[in-house]
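Before any comments, here is the structure.
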Amino acid sequence: MDGRGLNLDIAGTVSEFEKDMKEFMIKKILYKIIFRGKGLEFDSYRDYAPDDDARDIDWMASKRANRTLVKQYIEERDLKIMFVVDVSENMIFGSTEKLKCEYAAEVCAALSHLIMVNGDKIGFVFFNSGITKVVFPEAGKKQFNIFVDELSDPLAYGGISDLKSALNFLLDYLDVSISVVILVSDFISVRKDVAQTLDFLAKKFETMAIMIKDPLDKTLPDIRGEFVVEDSSSGQQLVIDPGVARRTYEKNALEQEKMVMEIFENSGADMLKLMTNEGFSSLLAEFLKERLEKGRYVMPKK
């Protein structure tokens with residue numbers, strides 16, 4: 001990352017993600033069920049179509065009519081989806097083509113574009129040790145461009161990551177009209193004390209998490225021979241055996257990631273883990289498809 005901005009390919013990633021959604025043959029169907037839900041008010045019956053959710057079939061009414069009927073609802077609009085993005089110094093790191101913040105920006109752009117072209121609203125919160133940016137949900141291309149511009153600004157990134165502080169802000173300042181909260185971070189700095197706050201958030205809002213990891217977040221390079229590191233302030237030196245350090249690092253990284261995954265699972269929030277050395281579009285589409293299969297869809301709020 002330099003003064004010219006982040007290394008992003010927004011148009012390419014948006015196009016690739018939408019292509020993968022179409023390959024699953026679920027783009028419109030999936031979005032309608034997951035990111036719009038069923039209207040709260042029953043309207044009438046109509047004949048079953050191949051694109052319908054089979055769970056909407058009314059078998060008693062179908063038997064009486066001697067044809068397959070589904071319940072039709074008055075569809076509610078105006079979903080408000082809030083992206084909560086970690087912009088701390090943890091995210092300004094990468095051993096692959098993309099820094100974690102660049103990869104995260106492209107994921108956010110692809111998903112927010114899908115949301116907005118279907119007529120719903122997006123907003124976003126950036127956080128590090130505190131809240132650095134808040135833009136409440138709006139619809140339209142202008143809002144999408146604002147989101148992408150902010151994600152692309154290198155000056156937006158830096159500082160220590162404090163997820164618990166960000167969650168407390170969301171609980172205090174977001175009203176119940178927000179339909180979905182999508183957390184985007186590497187979650188490397190998360191501690192166990194975030195669990196209760198996350199539970200409160202997941203009960204108040206439909207909550208999803210996208211974990212962005214670099215390969216070096218999980219393991220160190222295989223280096224032969226010992227080397228010396230020195231504390232620049234004290235001059236104290238330490239001889240390190242790379243093999244021992246690597247094993248310890250991998251053990252700690254695995255334990256920390258397992259702890260984070262358990263915290264989110266216990267809260268009821270779904271989590272998708274992405275690696276910066278892998279394409280995300282098909283994985284993200286599959287994640288949304290799996291939510292559909294589990295019956296996890298978002299109900300619009302008034």
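Each reported figure results from applying straightforward, stated rules to the coordinates on display, with no laboratory input. In this text the structure is predicted, and so the values were computed from the model without any measurement. Cβ sites come from the backbone with ideal geometry, for glycine too, and all protein chains shown count toward neighbours.
Ordering of 78-88, 251-261 by packing is 78-88, 251-261, highest average first (other Cβ atoms within 10 Å, averaged per residue). For LEU272, the residues whose amide H sits under 5 Å from its own are ALA209, ILE210, MET211, ignoring neighbours fewer than 5 places away on the same chain, with H placed 1.01 Å from N. Averaging the Cα positions of each part gives two centres, and for region 190-223 and region 271-290 these lie 15 Å apart. Going through the cross-link list LYS80/LYS100; LYS141/LYS289; LYS71/LYS142; LYS98/LYS258, which pairs have a Cα-Cα distance over 28 Å in this structure? From the list (LYS80/LYS100; LYS141/LYS289; LYS71/LYS142; LYS98/LYS258), the Cα-Cα distance tops 28 Å for LYS71/LYS142. Taking 7 Å steps out from each Cα toward its Cβ at LYS203 and ILE240 produces label points 4.3 nm apart. Neighbours of VAL148, meaning other residues whose beta-carbon lies under 15 angstrom from its beta-carbon, give a summed charge of -4 when Lys and Arg score +1 and Asp and Glu score -1. Between the listed residues PRO137, VAL194, PHE169, the Cα displaced farthest toward the positive end of the dipole of region 130-204, a dipole computed from Cβ unit charges relative to the Cα centre, is found at VAL194.
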